[in-house]
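Down below is the structure, laid out as structure tokens.
The values are calculated or read from the model by the stated rules, or taken from the named source; none is laboratory data. Here the structure is a predicted model, which is why all the values come from computation and not from measurement. Every residue, glycine among them, receives a Cβ derived from its backbone with ideal geometry; neighbour counts consider all protein chains shown.
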Amino acid sequence: MSAPQRDLPATSYTIPAQRPAPADLPPDSGARHRKAHRGDWILLTWCVLLAAAVLGPLARPGFVLSYDMVAVPDQALLPSSAGLSSAMPRAVPLDAAVALADDLLTGQVLQKLALAAIVLGAALGAGLALPKVRTGTRLVAASVYSWNAYVFERLVVGHWPTLIAYAALPWLLILGRRVRQGSTTAVAPGLLLVAVASLTPTGGLLAAALFGALVLAPGGRHSRLTRTISTMAVLALQAPWVVPSVLRPDPAVSDPAGVAAFAAASDSPLGLVGSVLTLGGIWNEGAVPGSRSLPSALALTAVLLVLAVVGATELRRHLGRAELAVLGGLAGAGLVVAFSSALPGGDTVLEWLVSEVPGGGLIRDGQKFLAWYALLVALAAAAGAARLARAVTNRTPGSAPTRRAGDPSSRAGYAAGIMLAAALVPVAALPDLAWGAAGRLEPSRYPAEWSDVRATLRTATAGGAEGHVVVLPYQPFRRFPWAGDRTVLDPAPRFLGIEAVVPDALPVGGAVIAGEDRRAEEVAAALEDPDAAAARLAALGVGWVAVERDTPGDLPGGLLESLESVETNGTLDLYRIPGEIGTWTRIPPAPPVIVAHIVFSVILVVASADVARNAFLRRRRSLRSQVS
């Protein structure tokens with residue numbers, strides 16, 4: 001019997017085999033390369049199947065509208081897209097990026113490509129994040145990371161920008177490892193991914209923390225110059241949302257009541273701790289998968305956690321000390337933030353941070369910071385499954401001669417079966433993620449009347465008509481019959497193509513969390529006095545009022561009678577406020593905000609150019625080697 005293959009990682013299940021004779025396998029046959037290439041294709045196929053299973057309904061025409069997830073046919077590039085408005089820059093520079101991108105692709109195609117890239121990218125990145133492991137181990141990591149309660153709940157609640165960062169994390173782990181190994185060509189793709197993840201503040205924090213910590217961690221073969229440039233670029237990529245937040249005339253602080261409203265909650269019989277440890281626990285019960293209450297789902301989810309515990313020690317043999325320390329530290333920090341409101345005195349600390357520290361409101365929804373922990377669980381569970389497969393196959397029952405001979409084909413079959421079963425456990429534990437989160441991500445189509453109103457508004461504003469628009473009923477969320485009566489953030493402000501004043505006071509669990517937009521608050525006060533509403537709205541810079549007739553909500557009595565009717569179709573009616581329209585001036589100063597976006601754009605362009613150049617050079621070297 002031949003000796004075990006010592007060059008394989010310890011977490012890979014070892015299949016003893018006799019050394020082939022030279023006539024059977026010539027040294028230059030490339031068998032090892034073909035086997036690795038076949039494994040890559042198996043992983044890619046598996047990831048595509050997972051993405052197709054999740055996003056199957058998106059093949060139909062229409063836009064996915066679910067809570068905060070809003071997509072429109074043609075989003076306009078407006079000052080608010082860059083943070084130059086009274087609102088908090090929560091979707092900056094995301095709105096600007098979408099407005100520019102949908103000039104090349106329709107909004108419908110752009111949304112579907114983004115969602116497909118999220119699920120496929122998360123699965124493939126996790127599958128490649130562990131170096132030198134077998135294909136079965138990669139399949140388990142891909143399944144656990146892309147098919148879990150965190151992905152389900154964030155998709156349904158519409159936090160797809162956060163999921164962009166989630167999908168980028170395993171790739172940033174890989175690129176951070178390469179930077180630490182001295183590869184300067186890994187810096188540009190790392191910064192490119194951080195830039196894409198930083199389209200929103202939360203995504204920026206998730207991605208920048210991982211990549212920045214890996215680059216700065218002691219050790220590694222990268223130079224001090226690489227550390228400095230990478231760190232400065234990572235920080236500069238946060239400027240588009242940091243600068244307008246800091247420089248806005250009104251404080252960038254939030255209502256402390258939001259701490260309790262957005263705190264992690266139990267979404268399964270496992271309680272708060274069990275729900276969070278199994279990657280659930282979102283505050284919005286409308287986004288919780290129904291299968292979380294099934295005993296079978298709980299048992300299978302527990303199996304994944306056991307595999308992760310078993311594989312935790314194995315990760316030390318796959319990840320460098322710095323990688324494991326950074327990922328483990330961030331995972332622990334994410335758990336602390338998620339549990340913070342339930343810890344002794346945690347709610348008091350959070351309320352102080354949210355109400356006193358600019359930008360502190362980012363941490364009030366602490367469950368979203370489980371993204372780091374999810375990556376650690378996926379990699380550990382994959383390593384644990386490989387360890388289990390190795391242990392089981394080494395004890396496979398059979399005749400004594402079979403055991404002495406090693407019976408490679410039999411052991412390989414057992415190992416493959418165990419790894420395939422482990423890869424399917426996440427799917428079996430959360431079956432309602434399939435087919436658009438059990439139908440919650442069904443595409444919808446906007447009524448033709450909306451397009452008519454948008455065309456009227458664009459014609460009027462092109463002709464010099466002034467003022468921003470307010471959409472009634474004056475509330476942030478809607479339910480439309482043509483969108484399946486699902487709760488959705490009002491899409492009209494983005495659809496209509498002109499600046500809008502959007503209410504940001506959020507009703508959560510029977511309570512109303514005060515917003516941060518002073519102008520939106522004053523508009524709400526003006527609407528409570530119908531007799532003087534038109535004049536007060538005009539003074540606030542509002543020149544248009546749109547009324548959605550097919551959604552629940554109250555309309556201020558007497559207001560519409562004092563307005564000029566521009567277009568009335570019974571679905572989305574448009575009115576003009578008569579008289580002189582004022583201007584709202586309490587916005588961040590334009591020059592530093594524009595500079596922040598220029599810096600972001602320069603880093604993005606330079607990183608993209610370097611990635612393209614290195615890809616071209618690699619391709620040219622590959623062609624030369626084939627010719628020679």
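At least 2 residues that are without any contact (Cβ under 8 Å) to a residue 60 or more places away in the chain and either outside the structural domain of Arg536 (by TED's automatic domain parsing) or closer than 24 Å to Ile577 by Cβ (or both) in each: list the helices (runs of 4 or more DSSP H) lying fully within region 406-483 that qualify.
It comes to 408-429, 448-462.
If Ser622 passes every condition in (1) assigned to a helix (DSSP H, G or I); (2) at pLDDT 95 or above; (3) over 30 Å from Leu235 (Cα atoms) but one, which one does it miss?
Result: Ser622 passes all but (2).
Looking at this structure, is Ala87 aliphatic (A, V, I, L, M) and not assigned by TED's automatic domain parsing to the domain that holds Val253?
yes
Please go through region 537-575 and give me each residue that is more than 15 Å from Leu527 (Cβ to Cβ) and surrounded by fewer than 16 Cβ atoms within 10 Å (Cβ to Cβ), ordered by number.
Arg549, Asp550, Pro552, Glu564, Ser565, Thr568, Asn569, Gly570
In region 465-487, is there at least one residue being acidic (Asp, Glu) and under 26 Å from the mean Cα position of the chain (by Cα)?
yes
Check Ala532, Ala514, Ala526 and return the single one that is over 19 Å from Ser66 (Cα atoms) and surrounded by 22 or more Cβ atoms within 10 Å (Cβ to Cβ).
Unique residue meeting the criteria: Ala526.
Quick check on Arg292: is it in contact (Cβ under 8 Å) with a residue 24 or more places away in the chain, among the basic types (Lys, Arg) and assigned to a helix (DSSP H, G or I)?
yes
Quick one: which residue in Thr185, Thr231, Thr226 is buried (at least 18 other Cβ atoms within 10 Å of the Cβ) and either in a helix (DSSP H, G or I) or more than 22 Å from the chain's Cα centre (by Cα) (or both)?
The unique qualifying residue is Thr226.
Residue-by-condition table, conditions (1) at positive phi; (2) in contact (Cβ under 8 Å) with a residue 60 or more places away in the chain; (3) among the small types (Gly, Ala, Ser):
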site: Ala263; (1), (2), (3): no, yes, yes
site: Gly271; (1), (2), (3): yes, no, yes
site: Val276; (1), (2), (3): no, yes, no
site: Ile282; (1), (2), (3): no, yes, no
site: Ala287; (1), (2), (3): no, yes, yes
site: Leu304; (1), (2), (3): no, yes, no
site: Gly328; (1), (2), (3): no, no, yes
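If you go through region 252-271 one residue at a time, how many are surrounded by fewer than 19 Cβ atoms within 10 Å (Cβ to Cβ) and within 14 Å of Val337 (Cα to Cα)?
Final tally of qualifying residues: 1.
Would you say Val109 is outside any helix (DSSP H, G or I) and either within 15 Å of the chain's Cα centre (by Cα) or on the phi < 0 side of the Ramachandran plot (or both)?
No; evaluated as a whole, the condition is false for this residue.
What is the number of the single condition among (1) within 30 Å of Pro218 (Cβ to Cβ); (2) touching a residue at least 12 places away in the same chain (Cβ under 8 Å) that Ala186 does not meet?
(2)
Being of a type in the set (A, V, I, L, M), under 24 Å from the mean Cα position of the chain (by Cα) and at pLDDT 95 or above narrows it down to one of Leu216, Leu199, so name that one.
On inspection, the qualifying residue turns out to be Leu199.
Here is a list: Pro530, Pro552, Pro588. Which entry is outside the structural domain of Ala287 (by TED's automatic domain parsing) and free of Cβ contacts under 8 Å to residues at least 40 places away in the same chain?
Just a single option satisfies the conditions, and that option is Pro530.
Criterion first (under 27 Å from Ala460 (Cβ atoms) and not in a strand (DSSP E or B)) does Ala546 satisfy it?
When the stated conditions are applied, Ala546 does not pass them.
Can you name every residue in region 63-94 that is part of a loop (DSSP other than H, G, I, E, B) and closer than 18 Å to Pro592 by Cβ?
Gly83, Leu84, Ser85, Ser86, Ala87, Met88, Pro89, Val92, Pro93
Identify the single condition in (1) surrounded by fewer than 23 Cβ atoms within 10 Å (Cβ to Cβ); (2) acidic (Asp, Glu); (3) closer than 25 Å to Leu388 by Cβ that Glu285 does not satisfy, given that it satisfies every other one.
(3)
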